[in-house]
Amino acid sequence: MIGSPHNVRSLADTNNVVYAYDPTDQDKHQVAVNLLMDLSDAGLLVYSAQVFNEFCSVMMRPNRTPSILPEQAAEIVRGLAATGEVVPVTGELTVSALEGMTRHGLSFWDALIWVAARENGVPIIDSEDFQHGREIEGVRFINPFAAGP
């Protein structure tokens, strides 16, 4: 089923959070809302602090429709932080991401998301930005917007 939750801890990538707060694409919006709610209700939702920062950067762009104000972003981030575990981005994670870029052919920001999951024992990253089903060092990427298992 599209957007079905997993029975293990899962890190939600930025695109899920953006879609959850941007109803422009109704299909993706609903999948993202359901994914975040289901994982949170099961106690399995994990965010990297990076996701919150990227969410704010995307959603506060002045030329974006819809765009939100810093006060709105702060309220949303506080709410999101209450729904799941938030793992930090550290200097060590940054170095590991840089090493992972070369080993696994990831962009810097994707490597940082991946290494945050790996280092915190999170086996799933829900994202449309990676190859669906790909696994790297024990972390599997699931596109919650893709049809099928």
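Where a number appears in this text, it was derived from the coordinates with a stated rule and is not lab data. All values reported here derive from a predicted model rather than from experimental measurement. Neighbour counts are summed over all protein chains in view; Cβ atoms, including those assigned to glycine, are modelled from backbone coordinates with ideal geometry.
Brief remarks follow.
- Segment 95-134, residues that are of a type outside the set (A, V, I, L, M) and more than 24 Å from K28 (Cβ to Cβ): S96, E99, G100, T102, R103, H104, G105, F108, R118, E119, N120, G121
- Residues of segment 96-149 that are among the hydroxyl-bearing types (S, T, Y), outside any helix (DSSP H, G or I) and either buried (at least 21 other Cβ atoms within 10 Å of the Cβ) or more than 16 Å from the chain's Cα centre (by Cα) (or both): S127 alone.
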